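One structure is given here, and the rest of the page talks about it.
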Amino acid sequence: MKRLFVSSFSLLLCSLLFLYTAKAQVLQYTSQSLHAHNDYKQAFPFWEAYQQGYGSIEVDIFLHNNQLLVAHEETELDTAKTLEKLYLQPLLQCIRKEQHKRNLILLIDLKTDAAPTLQALIALLQHYPEIIKNKNLQLTITGNQPAPSDFLEYPSYIWFDANPETDYTTEVQSRLAIMSANFKKYSKWNGKGVLTKEELFRFDSVIAKAGITSSKKMRFWNAPDIPNAWYQLMKLKVGFINTDRIVEAATFMNNLPKYSYQLPQKQQTYTPSFVSDGKQQQPKNIILLIADGMGLAQLHAAYTANRGDLTIFKIKNTSLSLTASYDSYITDSAPGATAFSSGKKTNNRSVGVDYNGKKLKLLPEYLARQHKKTAIITAGDITDATPAAFYAHRSERTESLPILEDFFLSPVNILAGSGNKSIDSVLAVKQSKDIQVFHSIDKFQSEGIEKLVITDSIATKPAAKGRGSWLTKAFHKTVNILSQQKDGFMMMVEAAQVDYGGHANDLPYLVTEVLDFDRLVADVLKFADADKETLVIITADHETGGLTLLDGNMTKGYVSAQFSTTDHTAVPVPVFAYGPMSHLFSGVHENTSVFYNILRALGIQD
């Protein structure tokens, strides 16, 4: 007996140690990990939970006048609501249609005396041989159970719900399908915040016992039923999450792969020298970096995934930009970028024109007066709203070919990103001794031509799916050309696909794009440190997705979140500034201030 106790105690300690070391990472839960508690109270008992892919469904039954009726309380009994009609017949339909191929626990809570209720249940099940012979189904008894010593007397298709406080013999353990316990017995936690260390230990102990005594999944009934609680229960490695929110919980679980991300390996960052940061002198060069759709939550998600480290977070001068357009509380990229390029608020969908459709004077035109060259780079379509706002004048952002025509009339010298058949056809006609077109960033070079265009299909691929270091490569190739200009330059580089990840509500997509943007930021700051005459401004035109961070661990590089929308929001976005005159970018201001602060830094009068 002493040896057995030591062995079991050691196994318990090992299990607890494993649980604690695994705390940082949520497992890959799905709707199969959900238990539909009080399922019979749903608008469509059985069907809703089953179609959502639940792994366990609960039904309470009463033996009443020789019928097995479904209800929570005896006062709710209705002879039309039978176990047979609401659960057994639908289950049989699924089996016959070969739909039932996944593991399922039907947890039957006996509300009347165990022996007669079980006898009636077994008699009823004899009419459903396809159910009792199905190897993927466990008909599991809870509530008024018989004594554990009697479990083996019942047919082998009858399983039982284990109690963590009961010691079961090895033979009886073979008939246990699940282990359930009252959450409130171990904690009074309401689901907000986190569990205390003492509570975690209590839960870990009972979960470890479930694994040791029966190798079965653990379920806590009476637990808080909100997303934050689901996260905490997943961290505990609970086998089944108990819920009454059938659709919401299934959506939450099935979206976990899109809402969670873990960076395999930390990305190296750059620590700026600050040698020219904040100096009271006019910069020679301006580099404006725009991460479309990037808010503070997007940045912090990437910061968490990168083990608490981002180059962009090392910048000292920061502010917040208010993003509303002229005609909408929530902007789109067209007026958002036009605010940067012109200093004016305009309507949604408009680029380079005011709210009346009147042509605006854009930043490259101001800089041309100082003989500065301009380059526009995007990890997206070269005629999309953000790049177009720096060279085009249109009231409708989708007018791709007219927007492209505006480029040829603008002072912008280099335009790089992705094209399409229509764009490339126009460029083929326009190509001349004054306009050179390239279709690969690798082949891009300067030949002293006034206008250079790069349409590279790789630009619109996600960073994690083939684009790789395209954005930083485009920056280096372009800055090497522009640096040869004695009067300086302006460059706008857009990380377009942070926005794509937000619209798709895809956290891995979003985070990998922000991390790619941070690599660009590192290279730009390295250039600024070496050059000492470059002002770098980093911002976003708006936030996309309404991202909310709900869980994460910086040690493991893990982050999980939820989205409130697939569209833009009105949330203010950060502005970071580095280099000479960077102190101008401070406080909370309208997005148009970015334009005016650039002019102030350069000593240009509007």
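Run down Y355, Y329 and say which single residue is without any contact (Cβ under 8 Å) to a residue 60 or more places away in the chain and either over 28 Å from L515 (Cβ atoms) or among the aliphatic types (A, V, I, L, M) (or both).
Y355
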Worksheet entry | Test for N134: is it polar (S, T, N, Q), farther than 18 Å from K216 by Cβ and at pLDDT below 95 | yes
Discussion item. Restricting to the range 546-597, name every residue that is free of Cβ contacts under 8 Å to residues at least 60 places away in the same chain and under 17 Å from V511 (Cβ atoms).
Written reply: G546
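Answer yes or no as to whether S457 is under 28 Å from the mean Cα position of the chain (by Cα) and within 21 Å of K526 (Cβ to Cβ).
Details: under 28 Å from the mean Cα position of the chain (by Cα): yes; within 21 Å of K526 (Cβ to Cβ): no.
So S457 fails the test.
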Item to complete: With respect to A379, determine if the residue is over 30 Å from the mean Cα position of the chain (by Cα) and not polar (S, T, N, Q).
Response: no
Item to complete: Please tell me if L139 is without any contact (Cβ under 8 Å) to a residue 40 or more places away in the chain, part of a helix (DSSP H, G or I) and assigned by TED's automatic domain parsing to the domain that holds I108.
Response: no
Discussion item. Residue under question is F44, and the condition is that it be at pLDDT below 85 and of a type outside the set (V, I, T); does it hold?
Written reply: no
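Would you confirm whether or not the range 337-355 contains a residue that is modelled with pLDDT of 95 or more, under 24 Å from the mean Cα position of the chain (by Cα) and either surrounded by fewer than 24 Cβ atoms within 10 Å (Cβ to Cβ) or not in a helix (DSSP H, G or I) (or both)? If you could, list the steps in order and put the result at the bottom.
Keep residues of the range 337-355 that are modelled with pLDDT of 95 or more, which gives 337-355.
The next check asks that each one be under 24 Å from the mean Cα position of the chain (by Cα); those that pass are none.
Scanning the range 337-355 turns up no residue that is modelled with pLDDT of 95 or more, under 24 Å from the mean Cα position of the chain (by Cα) and either surrounded by fewer than 24 Cβ atoms within 10 Å (Cβ to Cβ) or not in a helix (DSSP H, G or I) (or both).
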Worksheet item: How many residues are more than 18 Å from D39 (Cα to Cα) and charged (D, E, K, R) if we restrict to the range 233-260?
Response: 3
Discussion item. Every residue in the range 220-244 that is under 20 Å from W47 (Cβ atoms), surrounded by 17 or more Cβ atoms within 10 Å (Cβ to Cβ) and not β-branched (V, I, T), please.
Written reply: F240, N242
Discussion item. Just to be sure before I move on: is L299 closer than 27 Å to D384 by Cα, of a type in the set (A, V, I, L, M, F, W, C) and free of Cβ contacts under 8 Å to residues at least 40 places away in the same chain in the structure I sent?
Written reply: no
Fill in: Residue check for I207: more than 19 Å from L110 (Cα to Cα) and in a strand (DSSP E or B)
no
Worksheet item: out of contact with any strand residue (DSSP E or B) (no Cβ under 7 Å at 6 or more places or on another chain), within 22 Å of S446 (Cα to Cα) and polar (S, T, N, Q): does that describe S410?
Response: yes
Item to complete: Identify all residues within the range 252-278 that are in contact with a Gly (Cβ under 7 Å, 6 or more places away or on another chain) and of a type in the set (S, T, Y); write none if there are none.
Response: S276
Worksheet entry | Of all residues making up the range 96-111, the number that are surrounded by fewer than 18 Cβ atoms within 10 Å (Cβ to Cβ) and in contact (Cβ under 8 Å) with a residue 24 or more places away in the chain | 4
Worksheet item: Is one or more of the residues making up the range 114-131 under 39 Å from the mean Cα position of the chain (by Cα), of a type in the set (A, V, I, L, M) and assigned by TED's automatic domain parsing to the domain that holds S156?
Response: no
Practice prompt. Go over the candidates L320, L296, L289 one by one and state the one that is aliphatic (A, V, I, L, M), buried (at least 18 other Cβ atoms within 10 Å of the Cβ), in the same structural domain as E494 (by TED's automatic domain parsing) and out of contact with any His (no Cβ under 7 Å at 6 or more places or on another chain).
Written response: L289
Worksheet item: Taking F313, is it over 27 Å from the mean Cα position of the chain (by Cα), outside any strand (DSSP E or B) and either surrounded by 21 or more Cβ atoms within 10 Å (Cβ to Cβ) or in the same structural domain as M554 (by TED's automatic domain parsing) (or both)?
Response: no
Worksheet, complete the sentence: When the range 256-310 is checked residue by residue, the ones that are under 14 Å from the mean Cα position of the chain (by Cα) and of a type in the set (G, A, S) are S260, G293, G295, A297, A301, A302, A305
Worksheet item: When A302 is evaluated against the numbered criteria (1) part of a loop (DSSP other than H, G, I, E, B); (2) closer than 22 Å to Q497 by Cα; (3) touching a helix residue (DSSP H, G or I) at 6+ places or on another chain (Cβ under 6 Å), which criterion, by number, is the only one it fails?
Response: (1)
Item to complete: Please work out which residue is nearest to the chain's Cα centre (by Cα), limiting yourself to the range 576-594 and to residues that are assigned to a strand (DSSP E or B) and crowded, with 24+ Cβ neighbours inside 10 Å.
Response: A577
Practice prompt. Check whether at least one residue in the range 434-446 is surrounded by 20 or more Cβ atoms within 10 Å (Cβ to Cβ) and part of a helix (DSSP H, G or I), and report yes or no.
Written response: yes
Item to complete: Would you check if A177 is assigned to a strand (DSSP E or B), among the small types (G, A, S) and farther than 22 Å from M253 by Cα?
Response: yes
Worksheet entry | Subset tally (residues that are farther than 15 Å from I141 by Cα and crowded, with 24+ Cβ neighbours inside 10 Å) for the range 47-68 | 2
Worksheet entry | Cβ-Cβ under 6 Å pairs, at least 6 apart or on other chains, the range 383-411 side under 16 Å from V493 (Cα atoms), far side among the charged types (D, E, K, R) and assigned to a strand (DSSP E or B) | T386/E494
Response to the item:
The number of residues in the range 143-158 that are in contact (Cβ under 8 Å) with a residue 24 or more places away in the chain and not in a loop (DSSP other than H, G, I, E, B) is 4
Worksheet item: Would you pick out the residues in the range 374-398 that are within 12 Å of L415 (Cα to Cα) and surrounded by fewer than 24 Cβ atoms within 10 Å (Cβ to Cβ)?
Response: G380, D381
Worksheet, complete the sentence: Conditions (1) outside any helix (DSSP H, G or I); (2) out of contact with any helix residue (DSSP H, G or I) (no Cβ under 7 Å at 6 or more places or on another chain); (3) touching a residue at least 24 places away in the same chain (Cβ under 8 Å) -> T79 fails only (3)
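The values are calculated or read from the model by the stated rules, or taken from the named source; none is laboratory data. Quick caveat, the model's predicted, so the values are computed rather than measured. Cβ atoms come from the backbone with ideal geometry, glycine included; neighbour counts cover every protein chain shown.
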